[in-house]
Structures are given as structure tokens and as C-alpha cells.
Amino acid sequence: MNAPIIDPLQGDFPEVIEEFLEHGVMKCIAFNRRGTLLAAGCSDGNCVIWDFETRGIAKELKDKDCVSAITSVCWSKYGHQILVSAADRSLTLWNVLKGEKTGSTTLLPVCISDADTASSRGKVSDGTPPFTPTAACFNKYGDLVYVGNSKGEILVIDFERVQIEAMVPISGGAVVKNIVFSRNGQYLLTNSNDRTIRIYESLLPNKDGLKVIDEITKEFDGLDGAEKLKAVGTKCLTLFREFQDSITRMHWKAPCFSGDGEWVVGGSASKGEHKIYIWDRAGYLVKILEGPKEALIDLGWHPVHPIVVSVSLTGLIYIWAKDYTENWSAFAPDFKELEENEEYVEREDEFDLNPETEKVKEPDVNEDEEVDIVNVEKDSAFSDSDASQDELCFLPAIPCPDIIEQQDKCIEISSKMIENNNSGSPPSEEAGVNGRTTNHASSPLEVLDNPDDAGGARVKRKRKPSEKGLELQAEKGKKPSKPSGRLSKFKTKSMVHQDNSNGTYGDDNSDE
């Protein structure tokens, strides 16, 4: 799509279903950092990776040890690894290029009491009910982990020291179902069980956030335990906006940010509905996308383009894209669209034969300047890219070998075609130049213009003059034309009846 002919006032959010992907029963999805690959977890425990540019399957990660449904997939920053969680509580780290399992896992504390008084089953000593982590995500640079738990708290954890650094309570103490950062690391989104989506603004810098937390912690040395963590949490996150449907009070599925963080998208959790709601950061609802009558279980926004990918309960992936309207007036720089007719007064020299035209300004280009064809320009959308780090954007194509049975069938069919062509079947021998078959027995009046032509050239039809035609020629004193020798051997039905009336009888092939 040409960018100059696209109307910039149309908005940069998707509108219609452009395509759908089908491979088994898919449950969850995740884009890589560039949006070139799409990972999908299936109900049989396997993970499939789609090439999003070609909409083809690039690799399939098959886990023989896992038969449970995949619950989530997550890419590493540079796309070399995928972290997959399953319904059997297993956590697997895959090497994408090799298609092999790798790495190890570390247990993190899920509540404040886990750091000191938690037992093996997660029950604390003071008798309070146990609670578990429900969602987690890294910050932009990966030095902190933000965990939402079933008690309605957001925990900021230093995973290297396995220590909770801050805690932010959610109003009402609702269970946190989803937690995700915007791509620029400035905003944190949570989806709670109270049917509310909350946006928090991060007060920590994207880089070296752990050092800043250590400095903030020193300011509250006079506090202890949960009070100290809450005080530090007020310096880490602040509530920015809340999103909810005040009329229907529906639950939300898999909310997330757009690639540029300008839009917030969430799916309806109602059964039999495939609706996607899009808000701006100010909290205004700008679009509702209605899909097929299938429940929505997961969705994701493309990191760069205005494309939303949603997963239905039946296991299909729907791709929502922008329905672009081309503005063709952009091709002419002096063209102006008019709402209504306007009176135009032409110039005196407007239609002269040799009008004075302005000289075209020569482009200010230094022809002696060397062009760099080695270094790649830095993409502004990925300002934190490390040039020294090799990023996996595409997977190499691996051709699939053909099935032997299909090869044998193709060879057999081709050999039969060759035998038929060499055997010289009757239809091929009688075929004319125009590709039609001729039957000389049924059309004996078809003769060659040149009988000596060995190639069997053009076929022309000649007819015997009728009795009325002979009489007209005789009246005019013209001698009737005598048919050719080969044609005289054949008689039409009219000639046979004429001979029979004179008392002579014979078959069609008898001589006169």
C-alpha cells in the first residue's frame, strides 16, 4: 500500500477480518519483537510458529513430554527463545532455531509472606488463606519482574536476588488476571476480576530501574514489612486510567496495548461473542470489532502495523486489518478537492502556446558523496536495538520432501502419455491443422486442395451443382462445370434418386 495515497484521518486501528489461520486447535498467541513471526500454542501441547509475512508455517515445536494444552507463549527480546507454559503446570524454554528444549526455571516468591514465613504449600503462619501468582511480565529492559497475584496486588521483584522490592495494592483487592507492559515501557496494564482494566504509569526509568528502587528504599528505612513495600510502590507505579463497561459490566479477555501505546484493546469474555473493544489512552471507546459467533480466548496487537490477531474458541486465528481508502488526489500536488462548484477566472496567458514556466530547481545532491550499502539504518520504532546482538526475524525455509507414492503416480502418468503420443492413435492421425478430428467416411465431399500435399494440408468442402443450377447454366449457354475425378466417384442422394427414375440402379459407390 502506498503511504502517500492513504488518508491520514482514517485512524490507525484495524476494522475488518482480512484472513484467518488454521492449524489444529490453537489456544494462545504472541508476536516476536519485530512482528515478523507469530507463535501459537495448541491444545495438544505443541507450539507452531507462523511466518506472518507469507502466512505460512515456519516451524513446529513438538513436545513429546507434554500432552496438555498450552496456556501462554512468550518470546525473548531478540527472538532466539520461546517460553511456553502448559496446563499441566510445566514451563518449557525452547531454542527456536534448533527446535530443542533448553534452559532451567527458578521459583519466585508470589507474596510477601513467601520471603520469610511461607510453608511448602504456600500457607502463611498467621492463618490467612493462601494465594498464588496469576500473571507476570518483565519490564522493558528485563531487570525487574512485575507479578499480579490472587490477592489483588502488583509485586515488583528482583529475580536475581529473589526478593520483593515493592508492592502496589489494587483497589478492592480483585484477582489480577492479566498484566502487560506497553512496548515503550511507560505504562502497565492490568485486568482484574472486578471487570476493570487499569492503566498504571511507571515512575521508574526504563533502564537501571533496580538502582532507583534501591535509592527509594533507603528513604523508608524507618518502615518495616508490608508498609515499607507499599511506600516504595507509590514511587514505582501510579494509577493513570480505568476502563470498564458500566452498562453490561462484562469481563475482559487478554487486554493489551497497541504497538505505539496509543490504543488499548480488550476482548469480550462473553460466550458466543467475538467482540474487540478499542479505547484511546484517555478512556474513550473509539471502535468495536464484531467477529463470528465464537468466543474469544486470546488476542494480540502487531508491534508495528495496525493489525490485531484474535483466537477463537474453535482454535482459529483471525487477522484484523485496516480497511484502507485511497486518496487519489495526493498524486497531483496542486490538486484541490472542492465541496461545491466554484467560479474560476482564467489568467490572460493561461492558454498561450509558449507560456512562461518556472525553471525546475535542480536537486541539491552531492554526486561525489559515497553511498553506504553496508550499515543498516536504525529503525526509530526499535530505538533500543543493540547492533551487536543478532536478532532472529525470520526462520529459514526447510523444503518438505515429496511423498514417494505421489512421485510414482506422476511417473506412471507421464509414461502413459508418452506411449499414447508414440503409438499414433487414429484420432491423432486424422486431426487437421486446426486441431479438429475429421471422419472421411461420414463426410466424403471433403477433399484436399492439393492432393499431392503429403502433409495433409487444408481441407475444403466442394459440392455437386444442383439440378436447378445445371438448368440455369444451360439456359445461359454455359457449359456446366465437370466435377473432379475423385468427386465423380461419389453420388449424393439426389443423384441416386435421379438414376433410379431412369431405370438404372446402383449403390452410392458405383460409377456413372
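The values are calculated or read from the model by the stated rules, or taken from the named source; none is laboratory data. Here the structure is a predicted model, which is why all the values come from computation and not from measurement. We place every Cβ from the backbone using ideal geometry, glycine too, and count neighbours over all the protein chains shown. Just so you know, the surface numbers come from the protein's heavy atoms only, side chains and all, with ligands and any DNA or RNA stripped out. Shrake-Rupley method; radii C 1.70, N 1.55, O 1.52, S 1.80 Å.
Quick check: from the Cα gyration tensor, does segment 165-221 come out rounded (a/c under 1.5), prolate or oblate?
Oblate is the answer for segment 165-221, as a/c is 1.5 or above yet b/c matches or exceeds a/b.
Once fully extended, how much extra length lies between Lys293 and Glu346, figured as 0.36 nm per residue of separation less the alpha-carbon to alpha-carbon distance?
Numbers: separation 53, 0.36 × 53 = 19.08 nm, distance 5.96 nm.
Contour length minus Cα-Cα distance gives 13.1 nm.
Going highest first, how would you order 298-310, 45-57 by mean Cβ packing within 10 Å?
298-310, 45-57
Within 15 Å, Cβ to Cβ, of Gly173, how many net charges do the neighbouring residues add up to if Lys/Arg are +1 and Asp/Glu are -1? Please list the in-between numbers first.
On the way: positive: Lys151, Lys177, Arg195, Arg198, Lys230; negative: Glu153, Asp194.
Charge balance in the 15 Å sphere: +3.
Using θ = phi - 60° and the Karplus form 6.51 cos²θ - 1.76 cosθ + 1.60, what ³J(HN,Hα) does each residue of segment 29-40 get, whole Hz, x for Gly and Pro?
Values, residue by residue: 9, 6, 7, 6, 5, 8, x, 8, 10, 10, 9, 9 Hz.
Can you flag which of Lys27/Lys177; Lys64/Lys98; Lys140/Lys322 are past 22 Å Cα-Cα? List each step's numbers first, then the result.
Values: Lys27/Lys177 16 Å; Lys64/Lys98 16 Å; Lys140/Lys322 28 Å.
Distance filter (> 22 Å) returns Lys140/Lys322.
What is the sum of charges around Tyr187, taking Lys and Arg as +1, Asp and Glu as -1, for the other residues whose C-beta is under 15 Å from the C-beta of Tyr187? Before the final figure, lay out each step's value.
Working: positive: Lys140, Arg183, Arg198, Arg241, Arg281; negative: Glu201, Glu242, Asp260, Glu262, Asp280.
Its environment carries a net charge of 0.
Go through Leu229, Leu296, Leu97 and list them by solvent-accessible area, largest first, probe radius 1.4 Å. Please list the in-between numbers first.
Numbers: Leu229 25, Leu296 5, Leu97 90 Å².
In descending accessible area the options line up as Leu97, Leu229, Leu296.
Once phi is turned into θ = phi - 60°, what whole-Hz ³J(HN,Hα) does the Karplus curve with 6.51, -1.76 and 1.60 give for every residue of segment 180-190, x standing for Gly and Pro?
8, 9, 6, 5, 7, x, 8, 10, 10, 10, 10
For every other residue with a beta carbon closer than 13 angstrom to the beta carbon of Asp280, add +1 if it is Lys or Arg and -1 if Asp or Glu, then tell me the sum. It would help to have the intermediate numbers written out before the result.
Numbers: positive: Arg241, Arg281, Lys287; negative: Asp12, Asp260, Glu262.
In short, 0.
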